[in-house]
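Colleague: Before we start, here is the structure in question, set down as structure tokens.
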Amino acid sequence: MERMSTYYITTPIYYVNDVPHIGHAYTTVAADVLARHYRRRGFDVFFLTGTDEHGAKIAEAAAKHGLTPKAYVDGIVERFKEAWRALEISNDFFIRTSDPHHEAGVAAFLQTLFDAGEIYKGVYEGLYCVGCEQFKTEEDLVNGLCPYHNIAPTLYSEENYFFRLSRYQETLLRALTDPADPNHYAVNPPTRLNEVLGKIRLGLSDVSISRASLTWGVPLPFDPTQVAYVWIDALLNYVTAIGYPDDLARFRHYWPADLHLMAKDILWFHAILWPAMLIAGGLRPPKEVFAHGFFTIGGQRMSKTLGNVIAPADLVARFGADAARYLLVTDFPFGTDGDFNLDSLVTRYNAELANDLGNLLNRTVSMVNRFTGGAVPTPGAGQPVDDELKSLATGAFERMDRAFEALDFMAAADAVRDVVTRANRYIEEMAPWQLARTNQDRLATVLYTLVEAERLIAVALWPFMPAASDRMLDQLGLRGQTSTAWGVTAPSTRVSPQPRPLFPRIESGAASPR
Ligand code: MSP
């Protein structure tokens with residue numbers, strides 16, 4: 001029997017020093033849309049998300065709340081899980097770096113590197129940004145401050161263990177630029193690849209992989225007075241979650257990961273440090289690392305100080321989970337920086353979802369009730385269906401395949417929007433309310449064509465809007481009819497007797513954040 005292709009996709013594991021916001025949701029929703037798309041195409045998908053729970057930043061946050069790190073993170077983790085439930089995230093596993101299985105995996109991997117001579121002891125002195133959990137060079141700073149966290153890094157000096165990253169300059173360059181290289185991996189979009197290549201060409205320094213002054217972490221198996229550096233610990237989640245090191249059969253089933261998704265802020269770790277660690281440990285790098293852009297809100301960085309942090313729950317309360325998902329990932333090109341503006345999201349919601357899509361369904365269900373007693377008619381004799389609408393509807397799936405392959409969520413959505421636009425125009429052109437008086441055969445074909453096209457629209461939208469897709473099919477009387485082929489609607493299917501707005505209009509006054 002042919003083995004089903006696997007598709008292993010990951011989000012970053014998020015820091016639990018604070019509650020989730022829509023920055024985290026952006027990546028997680030994007031990954032969920034892809035996971036659903038590949039599941040629907042029949043892939044054996046493993047979709048991983050989780051939380052990054054060790055390190056100085058979390059220990060500091062816990063201390064501020066007067067809690068032990070473990071008690072503190074247990075509380076925040078629930079908030080992440082709630083947010084993902086509210087957004088219909090379909091992850092197959094939720095990893096926590098405080099899971100004993102993960103901790104054991106980190107220790108085992110570091111022991112492997114140590115035994116292979118990839119780790120040595122040395123002294124580190126440098127400027128450390130606790131926000132990033134990363135050493136900074138003078139060039140990384142803007143006016144002496146970390147540009148991501150607006151805080152001055154602290155001078156830090158300790159005896160630590162180091163990973164010989166400097167050895168991997170040539171190996172990584174070859175792996176990135178030669179598709180035939182056994183360690184080949186892709187970094188996308190291409191501008192990010194160029195940045196990564198530039199950084200590697202400048203030369204790589206060895207990386208401190210442990211902390212002596214911290215206890216909230218995984219003790220090094222070869223020196224338990226130190227704990228693993230939080231990034232080393234965190235990156236390893238991608239392999240421990242699928243069974244490394246004790247269930248190697250399962251691990252090999254999904255590894256290498258098809259896609260590590262994240263924003264550009266943490267690309268260095270995923271595109272340079274992580275592949276080098278894997279190669280050093282005798283494992284393959286992931287197939288692709290993709291860094292999307294960073295977004296602002298109304299032109300400003302989201303920050304507690306500015307008070308403009310939007311929680312996933314705020315977005316769900318305003319738009320519903322489905323529309324929130326759709327609007328998030330199709331508002332600006334995935335891969336470039338963008339800006340979210342709540343007013344323009346409301347405008348888009350009303351135009352694309354309430355009007356174009358919602359009204360299309362509403363009109364169709366109403367017309368089937370009014371003109372054919374609620375039963376979808378058999379296409380009329382000698383009345384062919386509209387070729388343009390039919391080919392747009394059936395062709396949408398191939399267009400989506402290609403768009404998702406390139407992580408182009410806007411193009412994937414356009415493939416469906418074009419069907420919606422054509423279907424609305426078809427209603428205007430055919431004027432079924434006139435055909436009801438003049439041409440019953442024609443009317444039957446028009447109604448059948450609309451129902452079948454809208455069934456395909458619902459099916460196509462499922463990765464973006466799973467619950468709305470089901471609600472659409474329910475109103476059409478076609479729940480579960482998810483084939484992507486034309487002609488599945490059985491004549492005499494009964495549509496809902498009472499069409500309900502799929503996306504109730506939002507008054508634009510309700511747009512300001514609460
Ligand atoms: N814990 C590390 C990741 C370890 S992965 C092995 C971390 N956590 S984080 O909580 O800071 O999450 C960073 C990620 O959150 C970004 O890479 C991105 O996926 C997402 N985003 C956070 N804010 C965002 C925006 N404003 N815009 C886009 N993505 C955002 O780094």
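The values are calculated or read from the model by the stated rules, or taken from the named source; none is laboratory data. What you see is a predicted model, and the numbers here were worked out from it, not measured in a lab. Neighbour counts run over all protein chains shown; Cβ positions are idealised from the backbone, glycine included. In case anyone asks, the SASA skips ligands and DNA or RNA and just uses the protein heavy atoms, side chains included. Shrake-Rupley method; radii C 1.70, N 1.55, O 1.52, S 1.80 Å.
Colleague: Which residues, taken from the range 1-42, are under 17 Å from the mean Cα position of the chain (by Cα) and away from the ligand (no atom under 16 Å from the Cβ)? Break it down stepwise before answering.
Modeller: Filtering the range 1-42 down to residues under 17 Å from the mean Cα position of the chain (by Cα) leaves 7-15, 20-40.
Hits for the range 1-42 are Y7, R36, H37, Y38, R39, R40.
Colleague: Within the range 234-247, how many residues turn out to be more than 13 Å from L113 (Cβ to Cβ) and either of a type outside the set (V, I, T) or free of Cβ contacts under 8 Å to residues at least 24 places away in the same chain (or both)?
Modeller: Number satisfying all stated conditions: 8.
Colleague: For the range 266-284, which positions are part of a helix (DSSP H, G or I) and closer than 18 Å to D233 by Cβ? Steps first, please.
Modeller: Filtering the range 266-284 down to residues part of a helix (DSSP H, G or I) leaves 266-280.
Those that are part of a helix (DSSP H, G or I) and closer than 18 Å to D233 by Cβ: I266, W268, F269, H270, I272, L273, W274, P275, A276, M277, L278, A280.
Colleague: Where the second residue is of a type outside the set (S, T, Y) and the first is assigned to a strand (DSSP E or B) and lies in the range 25-46, which pairs have Cβ atoms under 6 Å and are six or more apart or on separate chains?
Modeller: Close Cβ pairs (under 6 Å, with a partner that is of a type outside the set (S, T, Y)) amount to D44/M4; V45/A35; V45/R39; F46/D92.
Colleague: Next up: Taking the range 239-271, which residues are in contact with a strand residue (DSSP E or B) (Cβ under 9 Å, 6 or more places away or on another chain), over 13 Å from G105 (Cβ atoms) and aliphatic (A, V, I, L, M)?
Modeller: Within the range 239-271, A257, L259, L261, M262, A263, I266, L267, A271 meet the criteria.
Colleague: Does the range 470-481 hold any residues that are free of Cβ contacts under 8 Å to residues at least 24 places away in the same chain and open to solvent by 20 Å² or more (accessible area, probe 1.4 Å), and which are they?
Modeller: D470, D474, R479, G480
Colleague: A further question on this structure: I need the full set of residues from the range 129-181 which are under 22 Å from E195 (Cα atoms), among the hydroxyl-bearing types (S, T, Y) and over 30 Å from the mean Cα position of the chain (by Cα), in order please.
Modeller: Scanning the range 129-181 gives T137, S166.
Colleague: Going through the range 102-120 one residue at a time, which ones are in contact with a Leu (Cβ under 6 Å, 6 or more places away or on another chain) and aromatic (F, W, Y)?
Modeller: F109
For every residue, the table says whether it meets (1) open to solvent by less than 10 Å² (accessible area, probe 1.4 Å); (2) within 30 Å of L67 (Cβ to Cβ).
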site: L155; (1), (2): no, yes
site: L165; (1), (2): yes, no
site: Y168; (1), (2): no, no
site: L172; (1), (2): yes, no
site: E195; (1), (2): no, no
site: L202; (1), (2): no, no
site: S208; (1), (2): yes, yes
site: G217; (1), (2): no, yes
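This table checks each residue for (1) in a helix (DSSP H, G or I); (2) among the β-branched types (V, I, T); (3) within 10 Å of the ligand (Cβ to nearest atom); (4) surrounded by fewer than 21 Cβ atoms within 10 Å (Cβ to Cβ).
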| position | (1), (2), (3), (4) |
| --- | --- |
| W231 | yes, no, yes, no |
| A249 | yes, no, no, yes |
| T296 | no, yes, yes, yes |
| V316 | yes, yes, no, yes |
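Colleague: Let me ask something else about it. Any residue at all in the range 321-335 that is open to solvent by 50 Å² or more (accessible area, probe 1.4 Å), not in a helix (DSSP H, G or I) and not aromatic (F, W, Y)? Even if it seems obvious, please write down each step before you answer.
Modeller: Step one: filter the range 321-335 for residues open to solvent by 50 Å² or more (accessible area, probe 1.4 Å), giving 333.
After this cut, where a residue has to be not in a helix (DSSP H, G or I) as well, the list is 333.
Imposing the further condition that a residue be not aromatic (F, W, Y) reduces the set to 333.
Within the range 321-335, one or more residues are open to solvent by 50 Å² or more (accessible area, probe 1.4 Å), not in a helix (DSSP H, G or I) and not aromatic (F, W, Y).
Colleague: Something else now. Quick check on the range 428-444. Is at least one of its residues in a helix (DSSP H, G or I), open to solvent by less than 10 Å² (accessible area, probe 1.4 Å) and touching a helix residue (DSSP H, G or I) at 6+ places or on another chain (Cβ under 6 Å)?
Modeller: yes
Colleague: Hey, can you tell me all the residues within the range 118-149 that are polar (S, T, N, Q) and in contact (Cβ under 8 Å) with a residue 12 or more places away in the chain?
Modeller: The answer is Q134, and nothing else.
Matching residues to (1) surrounded by 20 or more Cβ atoms within 10 Å (Cβ to Cβ); (2) within 16 Å of the ligand (Cβ to nearest atom):
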| site | (1), (2) |
| --- | --- |
| V45 | yes, no |
| E60 | no, yes |
| I76 | yes, yes |
| L87 | yes, yes |
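Colleague: Given the condition surrounded by fewer than 17 Cβ atoms within 10 Å (Cβ to Cβ), under 18 Å from the mean Cα position of the chain (by Cα), under 24 Å from L155 (Cα atoms) and within 11 Å of the ligand (Cβ to nearest atom), answer yes or no: does some residue in the range 254-268 qualify?
Modeller: Yes, the range 254-268 contains a residue that is surrounded by fewer than 17 Cβ atoms within 10 Å (Cβ to Cβ), under 18 Å from the mean Cα position of the chain (by Cα), under 24 Å from L155 (Cα atoms) and within 11 Å of the ligand (Cβ to nearest atom).
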